[in-house]
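Student: Got a structure for you, questions after.
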Amino acid sequence: IFDGAASFFSGVPELDPYGARPERDYVGLHTVSTGTAEPQWPNSDGPRVFFYLHANYQHAERALQALAASRVRTLVYVLGPTDALKSRFSGVGLSFAPDLLDMFRVVAECDLCICHGNVGTTLGMLAGGKPVLVLPKQLENFLLGKSVERIGAGRVVHPDEATPDIAGALAAMLGDTEYAGNARALADRYGGESVGTMADRVVARIEALAAQTAERTA
């Protein structure tokens, strides 16, 4: 039923798990700003790590324990109930953001991002040249994470592992500058295009397709 239908891929060819498709199908590395709160990083030494955590992630505590033990400055935004996590982990090198953050600021200031492989956060970080550690919750997250891993801009922890080595993956990324270098290289290739320009390209193609359809049915 999709014969002849146009498709758009939110990303770039390097991140397409099914690749390769026509160049015009790729929308690009779009960035999303979801809030206005300024990021408040812990007052300590070490790299800045941003963690976008879903409270129902099955390994949430394991991930926070790994961060608390790693001596990095971690800013956590939790989607979902946070009281239990805050009571256990606040004040050990981790800071919990109470409100939606200005993601443009977060991208500019962080050194590494940990997320579940959600498209907006992952592409936004890569557009800013920041490496990503992906803790997937479902298949789509995992496939995007494997693509990020394949180009050397991050790592992915398999979602079916009973006791995933999140601490090891984090240490590997913090100890190897190539992850950041590969993320910056991807940003240099694609990160300069604005969201407005991407939207204009998509709209122009949709209008052209609509005109072609109208001509054929006239």
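The values are calculated or read from the model by the stated rules, or taken from the named source; none is laboratory data. Please read these numbers as outputs of a predicted model, since none were measured by experiment. Neighbour counts run over all protein chains shown; Cβ positions are idealised from the backbone, glycine included. For accessibility, only protein heavy atoms count, side chains too; no ligands or nucleic acids. Shrake-Rupley method; radii C 1.70, N 1.55, O 1.52, S 1.80 Å.
Student: What is the one condition in (1) at positive phi; (2) surrounded by fewer than 14 Cβ atoms within 10 Å (Cβ to Cβ) that E38 does not satisfy?
Tutor: (1)
To keep it simple, each residue is scored yes or no on (1) in contact with a Leu (Cβ under 6 Å, 6 or more places away or on another chain); (2) open to solvent by less than 10 Å² (accessible area, probe 1.4 Å); (3) part of a helix (DSSP H, G or I); (4) of a type outside the set (D, E).
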site: L126; (1), (2), (3), (4): yes, yes, yes, yes
site: K130; (1), (2), (3), (4): no, no, no, yes
site: P136; (1), (2), (3), (4): no, yes, no, yes
site: N141; (1), (2), (3), (4): no, no, yes, yes
site: L144; (1), (2), (3), (4): no, no, yes, yes
site: G152; (1), (2), (3), (4): no, no, no, yes
site: P164; (1), (2), (3), (4): no, yes, no, yes
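Student: Separate question: Check off (1) free of Cβ contacts under 8 Å to residues at least 24 places away in the same chain; (2) within 22 Å of N43 (Cα to Cα); (3) not polar (S, T, N, Q) for A162 and give me the number that stays unchecked.
Tutor: (2)
Student: Just need a number here: residues in region 46-61 that are surrounded by fewer than 16 Cβ atoms within 10 Å (Cβ to Cβ) and more than 19 Å from K130 (Cα to Cα). If you could, list the steps in order and put the result at the bottom.
Tutor: From region 46-61, those surrounded by fewer than 16 Cβ atoms within 10 Å (Cβ to Cβ) are 46-47, 54-56, 58, 61; that's our starting set.
Still in the running and more than 19 Å from K130 (Cα to Cα): 54-56, 58, 61.
So the answer is 5.
Student: Kindly evaluate D16 against the criterion of being exposed (fewer than 15 other Cβ atoms within 10 Å of the Cβ) and either in contact with a strand residue (DSSP E or B) (Cβ under 7 Å, 6 or more places away or on another chain) or not hydrophobic (A, V, I, L, M, F, W, C) (or both). So that I can check it myself, show each step before the final result.
Tutor: Values: exposed (fewer than 15 other Cβ atoms within 10 Å of the Cβ): no; either in contact with a strand residue (DSSP E or B) (Cβ under 7 Å, 6 or more places away or on another chain) or not hydrophobic (A, V, I, L, M, F, W, C) (or both): yes.
No, not satisfied.
Student: Also, I was wondering about something else. Which of the residues belonging to region 100-124 are part of a loop (DSSP other than H, G, I, E, B), over 19 Å from P13 (Cα atoms) and open to solvent by 20 Å² or more (accessible area, probe 1.4 Å)?
Tutor: So the first thing to find is which residues in region 100-124 are part of a loop (DSSP other than H, G, I, E, B), and the list is 100, 102, 110-111, 116-118.
Restricting the remaining residues to those that are over 19 Å from P13 (Cα atoms) gives 100, 102, 110-111, 116.
Within region 100-124, L100, D102, D111 qualify.
Student: Continuing with the same structure: Which residue pairs have Cβ atoms closer than 9 Å, lie 6 or more positions apart in sequence or on different chains, and pair a first residue in region 195-208 that is touching a residue at least 60 places away in the same chain (Cβ under 8 Å) with a second residue that is among the hydroxyl-bearing types (S, T, Y) and not in a helix (DSSP H, G or I)?
Tutor: Cβ pairs passing all conditions: V195/T31.
Student: May I pose another question? Residues of region 85-99 being farther than 18 Å from R48 by Cα and either open to solvent by less than 70 Å² (accessible area, probe 1.4 Å) or in contact with a strand residue (DSSP E or B) (Cβ under 7 Å, 6 or more places away or on another chain) (or both), which ones?
Tutor: L85, K86, D99
Student: Which of the numbered conditions does A68 fail, given that it passes all the others? Conditions: (1) in contact with a strand residue (DSSP E or B) (Cβ under 8 Å, 6 or more places away or on another chain); (2) surrounded by fewer than 16 Cβ atoms within 10 Å (Cβ to Cβ).
Tutor: It fails just one condition, (2).
Student: Condition first: more than 19 Å from the chain's Cα centre (by Cα) and open to solvent by 40 Å² or more (accessible area, probe 1.4 Å). Now tell me which residues in region 71-84 satisfy that.
Tutor: Hits for region 71-84 are R71, P81, D83, A84.
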